[in-house]
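Contents: one structure, followed by commentary.
The values are calculated or read from the model by the stated rules, or taken from the named source; none is laboratory data. This structure is a prediction, so every number in the text was calculated from the model and none was measured. Positions of Cβ are generated from backbone atoms using ideal geometry, with glycine treated the same way; all protein chains shown enter the neighbour counts.
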Amino acid sequence: MKLIFMGTPEFSARVLEGILADDQYEVVAVVTQPDRLVGRKRELRMTPIKELAIAHQLPVFQPEKLSGSPELETLMSLDADGIVTAAFGQFLPEKLLRAFDFAVNVHASLLPKYRGGAPIHYALINGDDQAGVTLMEMVKQMDAGDMIASKSIAISDEDTVGTLFEKLALIGRDLLLDNLPAYADGSLKPIPQDPSQVTYSPNITPEEERLDWHKTNRQLFNHIRGMNPWPVAHTFWSGARFKVYEAWPVEGHGQPGQVISKTKTELIVATGQGALRLDRVQPAGKPQMAIKDFLNGVGRTIEVGDYFG
């Protein structure tokens, strides 16, 4: 079976690795987002999918926008049976979807919940007890296609966006490989999504990264792990942005954002209900560090009664 694969981050790279390791598939082209400038040094970086495709000597296409591009015409001329996408980051033109026998997407949510670009983030931020992957048909509307198969896993308190991405990438890989043959030959029939159960998970905005200390400690705990390792939750300290990578809900009372306990190894901040123990942080202009290193370094001037935010 000849496939065109479309994806961008590590999540999609794990899916592509599974396809490449299966002898019944031949990947005739890989489509990914253009290389981007990243980090403080603004270094041009390839996507994980491009790196993997180059390693396997596969043709790579990187249109800024597929619709109306020369790459679109080239892809439509390829002798492929279908398209597989996983966290690609662009809408596929309808004429492209019609050009092949099938087009399926590996989506990191239990559809119809969390259509959109940040399903794993929202599952954590909202305190869900389950996450999952859905294999679905691609249609013009975002993540609205009929569902081919799905699988769920439990979310633990130790999970972050990073750990869930790793777990769900492997589940997505296996879900695709287990179900694509039967779907392609028509023996596995997809089922429609229930419109009444649809929710959305749009990309996280910069405003949503900021911690609201008036929320409960549990809500803030979920917010922080739902932003770790990207885009990273933040508050303010001494007038500068202060990133929080890890924290833990604890008992405590005080005004929201107020430091209520400090030792050489521990810093506890009051929330709207309860408190948070900050465990891993990043002050402005400094690397990410354990709270012990912060308190014994640039944070040594913090006192009980001071405020974050």
Residue check, Thr74 in the same structural domain as Ala184 (by TED's automatic domain parsing), under 23 Å from the mean Cα position of the chain (by Cα) and hydroxyl-bearing (Ser, Thr, Tyr): no
Residues located in the stretch 192-220, provided they are surrounded by 14 or more Cβ atoms within 10 Å (Cβ to Cβ), within 18 Å of the chain's Cα centre (by Cα) and assigned to a helix (DSSP H, G or I): Glu208, Glu209
Right, Lys113: more than 22 Å from Met46 (Cα to Cα), of a type in the set (Lys, Arg), in a helix (DSSP H, G or I) and more than 13 Å from the chain's Cα centre (by Cα) or not? no
Pick from Leu278, Leu267: which is farther than 18 Å from Gln219 by Cα, outside the structural domain of Thr163 (by TED's automatic domain parsing) and in contact with a helix residue (DSSP H, G or I) (Cβ under 6 Å, 6 or more places away or on another chain)? Leu267
Which members of the stretch 20-60 meet the condition of being more than 20 Å from Ala80 (Cα to Cα) and of a type in the set (D, E, K, R)? Asp35, Arg36, Arg40, Lys41, Arg42, Glu43, Arg45, Glu51
Give all pairs with beta carbons closer than 9 Å in which a residue from the stretch 222-239 that is hydrophobic (A, V, I, L, M, F, W, C) meets a residue that is at pLDDT below 95; count only pairs at least 6 apart in sequence or on separate chains. Phe236/Gly309; Trp237/Gly309
For the stretch 13-33, the count of residues that are acidic (Asp, Glu) and either crowded, with 16+ Cβ neighbours inside 10 Å or not in a loop (DSSP other than H, G, I, E, B) (or both) equals 2
So if I check each of Val232, Val269, Val250, which one is β-branched (Val, Ile, Thr), closer than 30 Å to Asp128 by Cβ and within 23 Å of the chain's Cα centre (by Cα)? Val232
Take the stretch 254-281 and flag every residue that is among the polar types (S, T, N, Q) and assigned to a strand (DSSP E or B). Gln258, Ser261, Gln273
Please enumerate the residues belonging to the stretch 1-12 that are part of a loop (DSSP other than H, G, I, E, B) and of a type in the set (A, V, I, L, M, F, W, C). Met1
Name the residues in the stretch 131-166 that are over 17 Å from Leu97 (Cβ atoms), β-branched (Val, Ile, Thr) and either assigned to a strand (DSSP E or B) or over 13 Å from the mean Cα position of the chain (by Cα) (or both), would you? Val133, Thr134, Ile153, Ile155
